[in-house]
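J.: Before I ask anything, let me first share the structure, which is written out below as structure tokens.
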Amino acid sequence: MSDLRSEPTSAAMSHHQAHAHSNGSASASSSSDTTPAPAPHPSHKTHINNTHNDINIHDEKRDGLPGADQAAALDPAKETRTADGKRVLSEDDAEEALSFGLPEWRKWMILVIVLFIQTSMNSNASMYGFAVDALADKYDVTPETARLGQMAFLVAYAFGCELWAPWSEEIGRWPTQQASLFLVNIWQISSALSPTFGGVLVSRILGGLSTSGGSVTLGVIADMYRPEDTGFQYAVAFVILSSVGGSPAGAVIGGFVGQYRSVEWIFWTLLIMGGIVQVTHFFLVPETNPFILLDREAKKRRKNGQEEVYGPNEVKEKRFSLKETGKIWWRPYFMLLTEPIVIWLSLLSGFSDMLVFVFLEAFTPIFEQYGFETHQIGLAFMGTIAAYIIAYFTFLPVIWHHNKTRKIDPDRLSPESRLWWLLWLAPLLPIGLFGFAWTSFGPDRSHWIAPIIFAAVIGIANYGVYKSSIDYMLAAYGPFGASATGGNDFARDFLAGIAALYAHPFYETVGPREYHLVYPSTILACMGVVFIIPIYVFYWKGPQIRLRSKFAQELERSRQERLSRKRRRTSSVAAAAAGGEPSVQKAQHVEDV
């Protein structure tokens, strides 16, 4: 099967359309492709929302959105002036002031810090699993009640990522991330010192809501790389590794803390981890949001005498509109409820991610059969971490091949090409689950390494599902990609939170005693077979499905605008080279090559 699914008429996004947030989700489209759709009806008005850099489309009659001036500021094709004569600083005017120009070593230093931030935040959920029994004893509650703290954090986390995203666009990545890290650390203190379990539960809810997660950290990628940059895809793959790897890393640490320290030390350890990454972020990570950097550059230039120059945020009439913020917060859920591609890939991604939290419950009874202690059960998650790293490296040649193809023709690859490697990795999900199920009998029938190996097989599939689904939705939905991936991340965290409640009774009560560790995973494996089917449907039928999307007309408008600019540029280049008038025929040929 070739991964070069040709779609010559697909469109490349400009940066001002691509720059947006994601919860793992990424902030800009990694693709230069969208599927053509019928041209919009002339009576339909189109507005770009640049507070969040998605095009708002809720129904056919849309209200105007504030912030169009911000989009224009990042459009290198034209200079923008306000009605009172202020010149809005554009990307081309201040290239040296933006994060695109950072040296590559500095970009990767920032990405490594992002990895540690994601690991710290995602450890909040998995480490808590090793505190459940101790919390139940301390506060005289049932283990089922104690598990509410894990569920509450994950469900609140699902909403928290979306709540933080608009503010990272308005006030900047750096202060938003600092505020998030600070608040999460505060709630660790209240969790450790709470005299009642109710206090712990409230602290966990507030901690989840305070966690900005991928909506901000992945947004940094869009600040440092343009979608067409060769480094963009590598950065996305790396940060997704940090998103999926945080939970098993927390489980490894939590196993030791849970066995050798009191329950309060679960929260103190999380506080130490959060404090270290906050201090590191404070000193080593600069502001990367281009809107904020353009505002700063404009202020410097006014001090140097260029009094007419202003930044994009400085000319906005309303910086913080509750109506606009509400639209931004609602859009990911709207797409999750109405778009078939978003629905199915989010369900698959959520199903895959929840298995980590199912294993937090399943690993204990399975490996206790082999005499494992608590810290050894935590170490069993090392296999999953190794699997994520292996999966990450398997994507690198695919990314290299796609980058090479786009250098030849930016419009050659369709969004469905992003699913090609997943076609091979997705079957590992049910295969791993079946293998994990039927090697769970204990030392009489299998070695302890067998379930760890099959859990690693599931981990490879999990990374592949998250990486490819995020990548595909960004490519398929173009400027709507941030909202599409926001729905995906919401599903992952929400379903993982629900899994924290049912996983324990699931592995205790399903099936006869001899098979009570086998049947639950077998049921999940059968579900996995069903969940991976849409991947193959979208790979082969994705263009037709996207044509029926409510968002397709807006994507077609963006495509036509991009092609028009491209024709003008190539025509000008041809004319300059020939020393004569622009040749439309030459320009069209250059575009089609």
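The values are calculated or read from the model by the stated rules, or taken from the named source; none is laboratory data. Computed from a predicted model, the values in this text were never measured in an experiment. Surface areas here come from the heavy atoms of the whole protein model, side chains and all, with no ligands, DNA or RNA. Shrake-Rupley method; radii C 1.70, N 1.55, O 1.52, S 1.80 Å.
J.: Rounded to the nearest Å, what's the spacing between the alpha carbon centres of the stretch 529-551 and the stretch 365-406? Just the number, please.
T.: Cα centroid of the stretch 529-551 versus Cα centroid of the stretch 365-406: 28 Å apart.
J.: Per residue, what accessible area does the stretch 129-178 have, given a 1.4 Å probe and all protein chains present, in Å²? Intermediate results must be reported in sequence, preceding the final value.
T.: Working: 1600 Å² over 50 residues.
Value returned for the stretch 129-178: 32 Å² of accessible area per residue.
J.: Something else: Using the 2.2 N^0.38 Å rule of thumb for compact globular proteins, work out how the stretch 403-507 stacks up: its C-alpha Rg over that value, please. Working shown, then result.
T.: Working: Rg = 18.1 Å, N = 105, 2.2 N^0.38 = 12.9 Å.
Expressed relative to 2.2 N^0.38 Å, the Cα Rg reads 1.40.
J.: Further question: Going by a ≥ b ≥ c, the root eigenvalues of the Cα gyration tensor, does the stretch 335-431 fall in the rounded group (a/c under 1.5), the prolate group (a/b larger than b/c) or the oblate group?
T.: Verdict is oblate for the stretch 335-431.
J.: Right, something else. Based on the Kirkwood radius over alpha-carbon pairs, what is the Stokes-Einstein translational diffusion coefficient of the stretch 184-257 at 4 °C with 1.567 mPa s viscosity, in µm²/s? Intermediate results must be reported in sequence, preceding the final value.
T.: Working: Rh = 14.7 Å.
For these conditions, the coefficient is 88 µm²/s.
J.: Same structure again: With the Cα gyration tensor of the stretch 241-368 giving a ≥ b ≥ c as the square roots of its eigenvalues, does the rule (a/c under 1.5 for rounded; else a/b larger than b/c for prolate; else oblate) give rounded, prolate or oblate? Intermediate values should be presented prior to the final figure.
T.: On the way: a/c = 3.57, a/b = 1.65, b/c = 2.17.
It comes out oblate by the Cα gyration axes.
J.: Solvent-accessible area of Leu547, probe 1.4 Å, all protein chains present, reported in Å² to the nearest ten, please.
T.: Approximately 80 Å² of Leu547 is accessible to the 1.4 Å probe.
J.: Remind me, relative contact order of the stretch 118-170 in percent, using alpha carbon pairs under 8 angstrom and six or more residues apart? Spell out each step's value before the answer.
T.: On the way: 21 pairs, mean separation 16.0, N = 53.
So the answer I get is 30 percent.
J.: Counting only protein heavy atoms and using a 1.4 Å probe, what share of the accessible area of the stretch 346-451 belongs to carbon plus sulfur, as a whole percent?
T.: On the way: 2610 of 3860 Å².
Of the solvent-accessible surface of the stretch 346-451, carbon and sulfur hold 68 percent.
J.: Express the carbon and sulfur contribution to the solvent-accessible surface of the stretch 134-217 as a percent, rounded to the nearest whole number, probe 1.4 angstrom. Mind showing how you got there, number by number?
T.: On the way: 2060 of 2670 Å².
Carbon and sulfur: 77 percent of the exposed surface of the stretch 134-217.
J.: A follow-up question, please. For the stretch 231-321, what % of the accessible area comes from carbon and sulfur atoms, probe 1.4 Å? Kindly include the intermediate steps, with their values, before the conclusion.
T.: Working: 2200 of 3860 Å².
That share works out to 57 percent.
J.: Among Lys86/Lys299; Lys300/Lys327; Lys86/Lys318, which pairs are too far apart, with a Cα-Cα distance over 24 Å?
T.: Working: Lys86/Lys299 13 Å; Lys300/Lys327 33 Å; Lys86/Lys318 17 Å.
The answer is Lys300/Lys327.
J.: Using bins 5 angstrom wide from zero, how does P(r) for the stretch 165-307 break down, in % of all Cα pairs?
T.: For the stretch 165-307, the pair-distance distribution reads 2, 8, 14, 17, 18, 14, 10, 7, 5, 3, 2, 1, 0.
J.: Quick one: Debye curve from the alpha-carbon atoms of the stretch 90-194 only, equal weights, vacuum; give me log10 I(q)/I(0) at q = 0.15, 0.16 Å⁻¹ to two decimals.
T.: -0.80, -0.87
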